[in-house]
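Q: Have a look at this one.
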Amino acid sequence: MKNLGNLMKQAQQMQTKMAEMQAKLGDLEVTGAAGGGMLQVTLNGKFELKKIKIDKGLVDPEDVEVLEDLILAAFNDAKVKAEAAMQEEMAKVTGGLNLPPGIKLPF
């Protein structure tokens, strides 16, 4: 029973760390760019779009499709960076615990 008590204590500590990590990810900001940096989007660690910056030189009413493609590219760039930051934070919380593939945390 002593081992079960220790296991429960560790689970509670991990749950507390997970809540702290989620709050920290809300404050994290990553910026993705496209078009040589002429278009930038900023996401937080929860993948919420916080800001878009578009260089005036990209705005061409006759070629809106290019601008749309650049927004998508910049968003995807920022998403990859946010996912990497989330994985890094998750590794800190789990203490390098090797979880089976497919386990998504936080649940």
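Q: Given charges of +1 on the Cβ of Lys and Arg and -1 on the Cβ of Asp and Glu, with all other atoms neutral, how large is the dipole of segment 28-93 about its Cα centre, in debye to the nearest 20?
A: Computed charge dipole of segment 28-93: roughly 460 debye.
Q: Return one number: the angle in degrees, 0 to 90 and rounded to the nearest 10, between the long axis of the Cα atoms of helix 64-94 and the longest principal axis of the Cα atoms of the chain.
A: Roughly 20 degrees, rounded to the nearest 10.
Q: For segment 4-95, which GluC sites (Glu not before Pro) are in a loop by DSSP, counting at most 15 other Cβ atoms within 10 Å?
A: 48, 62
Q: Of 23, 78, 11, which has the largest mean-square fluctuation in a 10 Å C-alpha GNM of the chain?
A: 11
Q: So if R0 is 22 Å, what FRET efficiency would residue 27 and residue 64 give, r being the distance between their Cβ atoms, rounded to the nearest 0.05?
A: The pair residue 27/residue 64 has a calculated efficiency of 0.05.
Q: When the chain is modelled as a GNM with alpha-carbon springs shorter than 10 Å, which of 64, 93, 30 fluctuates the most?
A: Residue with maximal mean-square fluctuation among 64, 93, 30: 64.
Where a number appears in this text, it was derived from the coordinates with a stated rule and is not lab data. Everything quoted here is computed from the prediction, not taken from an experiment. FYI the Cβ positions are ideal-geometry reconstructions off the backbone, even for glycines, and counts take in every protein chain you see.
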